[in-house]
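The values are calculated or read from the model by the stated rules, or taken from the named source; none is laboratory data. These numbers were taken from a predicted model, which means no experiment stands behind them. As a convention, Cβ positions derive from the backbone with ideal geometry for all residues, glycine included, and neighbour counts pool all protein chains shown. Remember, those area values only see protein heavy atoms, side chains included, never the ligands or the DNA or RNA. Shrake-Rupley method; radii C 1.70, N 1.55, O 1.52, S 1.80 Å.
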Amino acid sequence: MKTKSISLVLALLACNPCFAQLRIEDCYQKAQANYPLIKQYDLIEKTKEYNLSNVNKGYLPQVMFSAKATYQSDVTQIPIDFSQMGIQGVDIPTLSKDQYGATVDVNQTIWDGGAIKSQKEGLRTAAEVEKKNVEVSIYSINERVNQLYFGVLLTDEQIRQNQLLQDELKRNYDQVQSYVQNGIANQADLDAIKVDQLKAEQNKTQFVNTKKAYTEMLSKLIGEEVTANTEFVKPDAIRPATHTINRPELELFNAQIKNLETKNREINAGLMPKLGLFATGGYGKPGLNMLSNDFDAYYIAGAKISWNIGNFYTRKNSKRKVQTSIRSVETQRETFLFNTNLDIVQKDNNINSYFDQLKYDDEIIALRGSVKRASEAKMANGTLSGSDLTRDINAEQMAMQDKILHEMELLLAIYNLKFATNN
């Protein structure tokens, strides 16, 4: 029976949302998986497969059917009169002015100079560019996660510190109330502390509402319910070991350059001759015998080579165009790296600044605490007013709030640096 009770308690604890933990790395993964744009990956892949399938059909025989019926104002005639030559009984038939025909043409590519191959490669690299664009958009979500996650951590610490302040104000209120009863303090001293109690309660309401707004936005972003009982794990303040830039934008630039390079291969393929087989089958009047007025079936088969020499005229400019586009992408990449490196320097200096500020926070808090305790002693002796006491209490609390803010600013700066480098 005891074992069953223990199991039941453990099960209830496991189900209790107050024990749920959430890490910032989990938020990154959930937010990216929940982002609607993630569906674009499958759409890009399917579109690529459809396009490749269509291009591959260029190797299949191309069949075309056509039919026509015409009436001509005149027809070809042989201007020979055999009767004048003394030849009788020879009559050359005259073609009908109405003519009919139906044909089926079949063309089979034997060699296209690499046109289809380069076209397929272009489709693959273009799809890769689209995917990298999606990756860049999805990666940008991490920065929004940073703002919301550390916003929640900050409000959590502020709420916790606010509760400590309220406890201390309550303790001081009770003490001053006893001083008033003993004639050491007056009602004004008690009212001064009461005002601070109300302000602390007011600030708590603001902190709670701010946290609620952050958690609701984060819930929408990651696609999961984040409650007030969810424990947000505070990460360690460890700066990235390297400033090497591994952003998805760099992969996008590389994919764009690779896609442009395939254009060169398409240009080269356009300079090559094309070799193929063809066959034409038909039925009409006349057939291949132009002197026959009867309907007849016929066929023609053979091989053909075609070469568009005109492509040589535009080859140089086309290649220059591609190279200009490649240089444009390279310039964009250089600009991105330049701006990102400047951003890294700024964020690194911010981290150093927050580390330096934190060195003094504990000492300031200790000194403020010492001043506050001295003020409490003076209050007990009736040599200090309630407003002066609350001033020193607030000064100590402000020092604590500053430390909390500096810690969260440091963590946010570290994770913004990680975002800038993707390390």
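Taken over segment 46-72, the criterion of being of a type outside the set (Val, Ile, Thr), assigned to a helix (DSSP H, G or I) and surrounded by 13 or more Cβ atoms within 10 Å (Cβ to Cβ) is satisfied by Lys48, Asn51, Leu52, Gly58. Scanning segment 271-290 for residues that are assigned to a loop (DSSP other than H, G, I, E, B), closer than 20 Å to Asn107 by Cβ and open to solvent by 60 Å² or more (accessible area, probe 1.4 Å) yields Met272, Leu288. Just give me the residues in segment 291-310 being open to solvent by 100 Å² or more (accessible area, probe 1.4 Å) and aliphatic (A, V, I, L, M), in sequence order. Listed by number, the list holds a single entry, Ile305.
Evaluate the following for Asp392: is it surrounded by fewer than 19 Cβ atoms within 10 Å (Cβ to Cβ), assigned to a helix (DSSP H, G or I) and more than 45 Å from the chain's Cα centre (by Cα)? Considered against the rule, which asks whether it is surrounded by fewer than 19 Cβ atoms within 10 Å (Cβ to Cβ), assigned to a helix (DSSP H, G or I) and more than 45 Å from the chain's Cα centre (by Cα), Asp392 comes out as no.
Looking at Ala126, is it farther than 30 Å from Pro248 by Cα, open to solvent by less than 50 Å² (accessible area, probe 1.4 Å) and either at pLDDT 90 or above or more than 18 Å from the chain's Cα centre (by Cα) (or both)?
Working: farther than 30 Å from Pro248 by Cα: no; open to solvent by less than 50 Å² (accessible area, probe 1.4 Å): yes; either at pLDDT 90 or above or more than 18 Å from the chain's Cα centre (by Cα) (or both): yes.
So Ala126 fails the test.
Residue by residue, here is whether (1) at pLDDT 90 or above; (2) touching a Leu at 6+ places or on another chain (Cβ under 8 Å); (3) open to solvent by less than 50 Å² (accessible area, probe 1.4 Å) holds:
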site	(1), (2), (3)
Thr340	yes, no, yes
Gln346	yes, no, no
Asn352	yes, no, no
Tyr360	yes, no, no
Glu376	no, yes, yes
Thr383	no, no, no
Met398	no, no, no
Glu409	yes, no, no
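Take Leu190 and decide whether it is surrounded by 16 or more Cβ atoms within 10 Å (Cβ to Cβ), in contact with a strand residue (DSSP E or B) (Cβ under 7 Å, 6 or more places away or on another chain) and in a helix (DSSP H, G or I).
Working: surrounded by 16 or more Cβ atoms within 10 Å (Cβ to Cβ): yes; in contact with a strand residue (DSSP E or B) (Cβ under 7 Å, 6 or more places away or on another chain): no; in a helix (DSSP H, G or I): yes.
Criteria not met by Leu190.
Counting the residues of segment 140-163 that are free of Cβ contacts under 8 Å to residues at least 12 places away in the same chain and either assigned to a helix (DSSP H, G or I) or touching an Asp or Glu at 6+ places or on another chain (Cβ under 9 Å) (or both) gives 1. All conditions in (1) closer than 25 Å to Asp105 by Cβ; (2) open to solvent by 70 Å² or more (accessible area, probe 1.4 Å); (3) out of contact with any Pro (no Cβ under 6 Å at 6 or more places or on another chain) hold for Tyr313, with the sole exception of (1).
When only residues in segment 354-371 that are among the acidic types (Asp, Glu) and within 41 Å of the chain's Cα centre (by Cα) count, which is farthest from Ala413 (Cα to Cα)? So the residue we want is Asp361.
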